[in-house]
Every structure is written in structure tokens, then in C-alpha cells.
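Below is one structure, written out as C-alpha cells; the observations come after it.
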Amino acid sequence: MRIKRFSAPTLKEAVGQMKKELGSDAIILESRKVKKDGIFDFSKKERMEILAALDNYRDPNKKNTEQKFSRNKTEDIKFNSDDNLKLQEIELIKEELGEIRITVAKIADFLRYRNLPSLPENLLLVLKQLLDCEVEEILAKRLIQEVHMSLKGEEYDDLRLILRKLIGKISAMVKTTPQNSKINSTARIIAFVGPTGVGKTTTIAKLATQAKLIDGKEVAIISADTFRIAAVEQLKTFANIAEIPFEVVYSMDEIKNAVAKFSRMDLIFIDTTGRSQKDKKNLKEIGNMLSSVEPGEVYLVLSVTTKYKDILDILEKFKTLFINRIIFTKLDETTSLGLILNVAEKVRKPISYITFGQNVPEDIEKADSRKIAKIILRRNFL
Ligand code: GDP
């Protein structure tokens with residue numbers, strides 16, 4: 001069997017191409033209208049595309065030559081010595097494999113999306129995009145349904161309008177902290193919690209440097225280390241270089257003393273170290289230490305590279321720590337940013353910052369709802 005896709009401005013022309021190439025025995029498996037240059041071409045020019053098949057295909061150009069290779073379920077492919085012909089035959093096989101790949105992808109798509117509501121083409125397209133970037137299915141469908149209800153008549157054909165509406169809806173869901181202050185904080189004592197390796201220490205280094213060098217604030221850093229695991233060395237070195245006063249504390253008394261010592265400072269950043277969110281005792285100790293100094297802001301730092309299932313576990317475990325803000329790190333490491341929306345919907349705490357690299361202090365930005373909505377939809381990354 002030979003399967004081939006033909007595309008032309010009209011159905012008649014596409015069928016003409018098919019007959020010319022495959023002969024009059026070819027049959028049309030599928031026909032559809034397609035946008036000229038892929039899904040985000042806004043020119044509105046459409047072409048007709050048909051998927052055609054011919055059983056027992058023989059290349060009409062090779063009619064008078066001996067059948068150069070034959071194959072069936074049991075026979076191997078046999079080549080004769082004509083190199084040119086061999087190459088043509090390999091090309092033919094490659095082409096057929098390409099077609100099979102497309103068909104398999106279509107079947108996979110069909111299986112994935114078969115339970116989706118029957119939606120106008122453009123809405124289905126943006127729904128697929130939300131699912132591709134790992135927005136939870138139920139949430140993605142709800143958003144698309146809301147956009148659906150707000151459209152009428154020809155607006156369904158306007159993909160730009162649909163995306164604008166969707167960005168509006170996502171922005172409204174992603175709460176962020178107010179943009180007025182230079183450093184996104186009004187509190188004097190600010191704590192950072194979250195699993196190890198997400199970027200807490202790096203984020204503190206970025207914020208402390210900006211607060212000191214750009215905003216001209218007096219800042220200090222306290223590292224609350226419940227395990228004496230020497231993870232504080234990195235922060236200590238940074239604090240020395242940046243000439244920022246620094247203390248490591250291991251108990252409630254020590255943290256209270258350190259805060260008292262830095263009473264003249266405008267801002268005190270508290271880093272917390274631990275082993276894992278699975279260690280309840282450790283989380284309790286961190287909680288006790290923090291509540292003894294009552295930080296005005298407690299940031300939960302989350303990496304967008306973490307699996308959503310693990311994020312749910314982290315949210316559950318860290319909720320005892322009086323978290324009131326969120327920071328998302330490592331946006332440079334993935335394009336599947338639906339996780340931000342999933343978390344925003346679940347937690348309803350404002351997002352304060354996003355970080356997108358290891359450079360201190362520049363790879364950090366205050367969170368902006370609209371910008372986050374756009375990067376989730378991969379409309380304009382940073
Ligand atoms: P902590 O254990 O939560 O304090 O995490 P660290 O601050 O020690 O960071 C762990 C690793 O992540 C380090 O290699 C950092 O350089 C890296 N990191 C932190 N923030 C970012 C970011 O926004 N993007 C990338 N690509 N790496 C980051």
C-alpha cells in the first residue's frame with residue numbers, strides 16, 4: 001500500500017495531483033482544510049489537504065521496468081544491482097515510513113484528545129497548547145470553556161482574539177504581589193523555605209544584592225541550619241564578598257539573638273536548610289525557629305522543573321510554615337510552564353518573583369501576571 005498526502009488550493013487540484021501520481025485506483029482516506037503555514041499563520045489562506053492511498057502500488061514511472069524489489073510479510077526486501085534504482089527505492093521506503101509516522105501521531109493525538117468536547121478548530125488548538133505545556137486537563141478545559149462562552153460569530157475564526165482572551169483569563173488567575181516597592185517587600189524580616197536544590201540560597205543572594213546595591217538598603221542574612229550540613233558555606237562566601245553581615249543559627253535562641261543583633265538593618269533575609277519535605281521533624285524545627293522571630297513574609301521557593309505530583313506533596317508539607325508568597329525558579333530550564341498556573345489555582349498565594357538563571361543578581365524579575373500568562377502560552381519568552 002502507498003499512502004501519500006497532497007495539498008493544493010482546491011480539492012479538485014489536490015485530487016488531480018493524486019490521480020497523476022497514484023493513478024485512478026487511488027482512494028481518498030481523509031480530506032481537510034488547513035491553514036497555509038501552520039497553526040499560528042494568521043493570513044487566513046487555506047488549502048485543501050487529502051490523504052490518499054493506493055493498494056498494490058507501482059510507481060507509474062517504472063511501469064516498463066522489471067519489478068526491482070518485492071516485499072510481503074515474509075519476504076525480505078531484494079535489491080538488484082542498479083544503484084540508482086536502489087536509492088529511489090530507499091527514498092520510497094523512507095517516504096512511506098514518514099507517512100506511517102504521521103498516521104501514528106494522528107492516532108496518538110486522537111486517543112489523547114478523544115474525550116475533549118467538540119470545539120471549534122481554534123479553541124481546540126489552544127486547548128491542545130495548554131495541555132502540551134502541562135496545564136492540568138480539568139483547568140485547561142475550564143479556561144477554554146470560559147473563552148468559548150465569551151465568543152460569538154466570526155470571532156471564532158480570530159485566533160489572535162482567542163489568545164488575547166485566554167491570556168486575560170490566565171492573568172486574572174495568576175495573582176502577583178504589588179509592583180510598587182523596589183524590592184517586592186514591605187516586611188523587615190523575610191524568610192525563604194522550600195525543598196533543597198530549588199534555588200533558595202541563590203535567590204536570597206540575588207535579592208540581597210539588589211536591595212543593598214540598587215535600593216541602598218542595609219541588609220543582613222541569617223541562615224537557619226537545622227542539620228549542620230555545611231550547606232551554608234556557599235552563602236557565607238557570598239555574604240563576605242558582598243560585605244553583607246551574616247550569621248548561621250542552629251536553635252530558636254540563636255535565631256532570636258541574631259535578629260536582635262541586626263535590629264538596625266532595613267532587611268533581614270532568613271535562609272532555611274533542610275533535607276527533604278518528607279522529614280516532618282525538620283519542618284517542625286524550621287517552623288519553630290521562624291515563628292520565634294515572626295517574619296513578615298515567608299516565601300515558598302518552587303522550581304518549575306519539579307513534577308506537579310511532587311509539587312502537590314511539597315505544598316501539603318510546607319503549608320504549616322505560614323507561607324504567604326511564592327517564588328518560581330529555573331524558568332530557563334523548561335518550556336512546560338503550565339505548572340505555574342496549576343499552583344496559582346491551587347494555592348491562591350501571590351507569586352512575587354520568577355528566576356531564570358544562575359547569574360547573581362540579574363536573573364530574577366518581579367512577577368507580572370500578564371507576562372507569566374504569555375510565557376505559559378509560549379507567546380513571548382522573557
Ligand atoms: P537551595 O538548596 O534551595 O538553596 O538551592 P541553591 O540556591 O543552592 O541552588 C541549587 C542549584 O540551582 C544551584 O546550582 C543554582 O545555581 C541553581 N539555580 C538557582 N536558581 C536557578 C535558576 O533560576 N535557573 C537555573 N538554571 N539554575 C538555578
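The values are calculated or read from the model by the stated rules, or taken from the named source; none is laboratory data. In this text, all values refer to a predicted model and were calculated from it rather than measured experimentally. Note: ideal-geometry Cβ built from the backbone for every residue, glycine included; neighbour counts use all protein chains shown. What goes into the accessible areas is simple: the full protein's heavy atoms, side chains included, and nothing from ligands, DNA or RNA. Shrake-Rupley method; radii C 1.70, N 1.55, O 1.52, S 1.80 Å.
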Given (1) among the basic types (Lys, Arg); (2) more than 13 Å from the ligand (Cβ to nearest atom); (3) in contact (Cβ under 8 Å) with a residue 12 or more places away in the chain, number of the condition Lys307 does not satisfy: (3)
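Checking the structure you have, find out if any residue of segment 126-139 is of a type in the set (D, E, K, R) and over 21 Å from Val304 (Cα atoms). Before you say what the answer is, go through the steps one by one.
Going residue by residue through segment 126-139, those that are of a type in the set (D, E, K, R) are 128, 132, 134, 136-137.
Now drop any that are not over 21 Å from Val304 (Cα atoms), which leaves none.
No, the conditions are met nowhere in segment 126-139.
Identify, from the list Asn288, Asn282, the residue that is open to solvent by 10 Å² or more (accessible area, probe 1.4 Å) and either in contact (Cβ under 8 Å) with a residue 40 or more places away in the chain or not in a loop (DSSP other than H, G, I, E, B) (or both). If you could, list the steps in order and put the result at the bottom.
Details: Asn282 fails: open to solvent by 10 Å² or more (accessible area, probe 1.4 Å).
None of the others qualify; the one that does is Asn288.
Could you grab me the full set of residues in segment 324-359 that are aliphatic (A, V, I, L, M) and either out of contact with any strand residue (DSSP E or B) (no Cβ under 9 Å at 6 or more places or on another chain) or open to solvent by 20 Å² or more (accessible area, probe 1.4 Å) (or both)? Quick ask: steps written out before the conclusion?
So in segment 324-359, the residues aliphatic (A, V, I, L, M) come out as 326-327, 331, 337, 339-341, 343-344, 347, 351, 354.
Those that are aliphatic (A, V, I, L, M) and either out of contact with any strand residue (DSSP E or B) (no Cβ under 9 Å at 6 or more places or on another chain) or open to solvent by 20 Å² or more (accessible area, probe 1.4 Å) (or both): Leu341, Val347.
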- line: How many residues of segment 125-163 are farther than 19 Å from Leu341 by Cα and among the small types (Gly, Ala, Ser)? The answer is 2
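Could you list, in sequence order, the residues of segment 200-215 that are open to solvent by 20 Å² or more (accessible area, probe 1.4 Å) and touching a strand residue (DSSP E or B) at 6+ places or on another chain (Cβ under 8 Å)?
Correct list: Thr201, Thr202, Gln210, Lys212.
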task: Taking Ile170 as the residue in question, decide whether it is closer than 30 Å to Lys317 by Cβ, more than 16 Å from the ligand (Cβ to nearest atom), open to solvent by 10 Å² or more (accessible area, probe 1.4 Å) and at pLDDT 90 or above.
output: no
message: Tell me whether segment 245-259 contains one or more residues that are more than 31 Å from the chain's Cα centre (by Cα), away from the ligand (no atom under 15 Å from the Cβ), assigned to a loop (DSSP other than H, G, I, E, B) and at pLDDT 90 or above.
response: yes
- request: Just give me the residues in segment 205-216 being more than 8 Å from the ligand (Cβ to nearest atom) and in a helix (DSSP H, G or I), in sequence order.
  value: Lys206, Leu207, Ala208, Thr209, Gln210, Ala211, Lys212, Leu213, Ile214
field: Close pairs from segment 350-364: first more than 13 Å from Ser303 (Cβ to Cβ), partner open to solvent by 60 Å² or more (accessible area, probe 1.4 Å) and more than 9 Å from the ligand (Cβ to nearest atom), Cβ under 6 Å, at least 6 apart
entry: Pro350/Lys175
query: Which condition number does Gln277 fail, the rest of (1) within 26 Å of Cys133 (Cβ to Cβ); (2) modelled with pLDDT of 90 or more; (3) in contact with a helix residue (DSSP H, G or I) (Cβ under 8 Å, 6 or more places away or on another chain) being met?
result: (2)
message: Quick check on Leu315: is it within 12 Å of the ligand (Cβ to nearest atom) and surrounded by 15 or more Cβ atoms within 10 Å (Cβ to Cβ)?
response: no
field: Subset of segment 246-255 (residues that are within 19 Å of Thr203 (Cβ to Cβ) and either outside the structural domain of Val360 (by TED's automatic domain parsing) or surrounded by fewer than 19 Cβ atoms within 10 Å (Cβ to Cβ) (or both))
entry: none
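Which of the residues spanning segment 360-373 are assigned to a helix (DSSP H, G or I) and either within 16 Å of the ligand (Cβ to nearest atom) or open to solvent by less than 70 Å² (accessible area, probe 1.4 Å) (or both)? Write out each step before concluding.
Of all residues in segment 360-373, those assigned to a helix (DSSP H, G or I) come to 369-373.
Within segment 360-373, Ser369, Lys371, Ile372, Ala373 qualify.
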